[in-house]
Amino acid sequence: EYRFDPTTHNKFKEIMSTIPRREDAWVFDLYQYEGFWCNSFQLEGMLSAREHFKPQPNQVIVSSTPKSGTTWLKALTFAIMTRFHVDESTNPLLTRLAHDCVPFIEVNLCSSPQKLNLDVPLVATHIPYTSLPKSITNSSCKIVYICRDPKDAFVSLWHFNHKTSAKEEVSAMEDFPLEDALEFFCQGLTPCGPYWDHLLGYWRASLESPEMILFLKYEDLKNDTVFWVKKIAQFVGYSFSLEEENKGVVQKIIDLCSFEHMSSLEVNKSGMVRLELGITQDGVNTYEFKNSAFFRKGKVGDWKNHLTPEMARRLDQITEQKLAGSGLTL
Ligand code: A3P
């Protein structure tokens, strides 16, 4: 979890004053650092994580770009890793946003006033692979990365942008025309973008160290959830026993974390989440939005309802160019 410290804050302010900045994209200004665009609070949090983050023994890290299935992967991994010490009926996922159960290392995003007191070595991040704290890359942490078809991720980001922009009185189109948003996305101007570079960083690292990084695709997880949930469990060192499989434990976890179930929970329908934007003289500066912003459709291929064939082709072309020779296909 993000920790404020004055030394890092001063370093952050110094960096901020010299790096490229864009004020016209998405909800918050973007800053370019080490080849990636990020929001100011992500940058400060990342610098802080580099100073302070100390992995626990058997630390597991869930990583992704925003809108690739982070919330789902957090829920699944949390349910897998806590299944021996939390009861089905009292699982924190039933009463808390998944982001409360699995904190980001660089951002404070909390929905519940009480901190969860479960000692699970599980955290999350959106930090690009090449900018991760050395304490992670030089250790034996296991990283589970999830990526998604850029067309769906783009559409998801566009909706999320509107839901969190607090401009409920106008339509999403008026708030940020889809064409303009696409232009930004294609230019790499998204939080944690360029989108493709984020994927490629983790993809290459996963090829180099397959025992450290498990590279997943949202679409695969949707199509064969049982297989991939077992794979995640095995990878993080929490394999399901035959007895558990026979008792239907895998399916129970999948059902608990399904889009239908998660999005129908009261906490995810009506709760509010607070994002910490930084600390000023007046205290912590926060930004609030609804937990429901994290749950929209949860489908593969919803881009077809939003993008024209030309828009889709444009994204596909960039994907083809960027991923050429990498061995990764989306
Ligand atoms: P859509 O906007 O396409 O519906 P992230 O968690 O990285 O912010 O990504 C959000 C996307 O994941 C949204 O996609 C959201 O609906 C979807 N999502 C959230 N919870 C999910 C779940 N339990 N299963 C599948 N998809 C889920």
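Points worth noting:
- Positions within the stretch 288-305 being over 18 Å from the mean Cα position of the chain (by Cα) and either away from the ligand (no atom under 15 Å from the Cβ) or in a helix (DSSP H, G or I) (or both), in sequence order: ASP302, TRP303, LYS304, ASN305
- Given (1) at pLDDT 95 or above; (2) small (Gly, Ala, Ser); (3) within 16 Å of the ligand (Cβ to nearest atom), index of the condition SER135 fails: (3)
- Residue within the stretch 279-289 that is within 20 Å of LEU122 (Cβ to Cβ) and open to solvent by 40 Å² or more (accessible area, probe 1.4 Å) present: no
- Taking the stretch 306-318 as the range and being open to solvent by 50 Å² or more (accessible area, probe 1.4 Å), in contact (Cβ under 8 Å) with a residue 12 or more places away in the chain and either under 25 Å from SER111 (Cα atoms) or part of a helix (DSSP H, G or I) (or both) as the test, the residues that pass are ARG314, ASP316.
- Sole exception among (1) more than 17 Å from ALA312 (Cβ to Cβ); (2) open to solvent by 50 Å² or more (accessible area, probe 1.4 Å) for GLU183, by number: (1)
- Residue count for the stretch 48-68, restricted to those that are open to solvent by 10 Å² or more (accessible area, probe 1.4 Å) and either within 8 Å of the ligand (Cβ to nearest atom) or small (Gly, Ala, Ser) (or both): 2
- Selection count where residues are under 24 Å from SER263 (Cβ atoms) and open to solvent by 20 Å² or more (accessible area, probe 1.4 Å), scope the stretch 101-119: 10
- Subset of the stretch 202-232 [in contact (Cβ under 8 Å) with a residue 40 or more places away in the chain, touching a helix residue (DSSP H, G or I) at 6+ places or on another chain (Cβ under 7 Å) and either within 16 Å of the ligand (Cβ to nearest atom) or farther than 15 Å from VAL62 by Cα (or both)]: TYR202, PHE215, LEU216, LEU221, VAL229, ILE232
The values are calculated or read from the model by the stated rules, or taken from the named source; none is laboratory data. Being a predicted model, the structure only gives us computed values, none of them experimental. Here Cβ is always computed from backbone atoms with ideal geometry, including for glycine, and neighbour counts include all displayed protein chains. We work out accessible area using only protein heavy atoms, side chains counted, and drop any ligands, DNA or RNA first. Shrake-Rupley method; radii C 1.70, N 1.55, O 1.52, S 1.80 Å.
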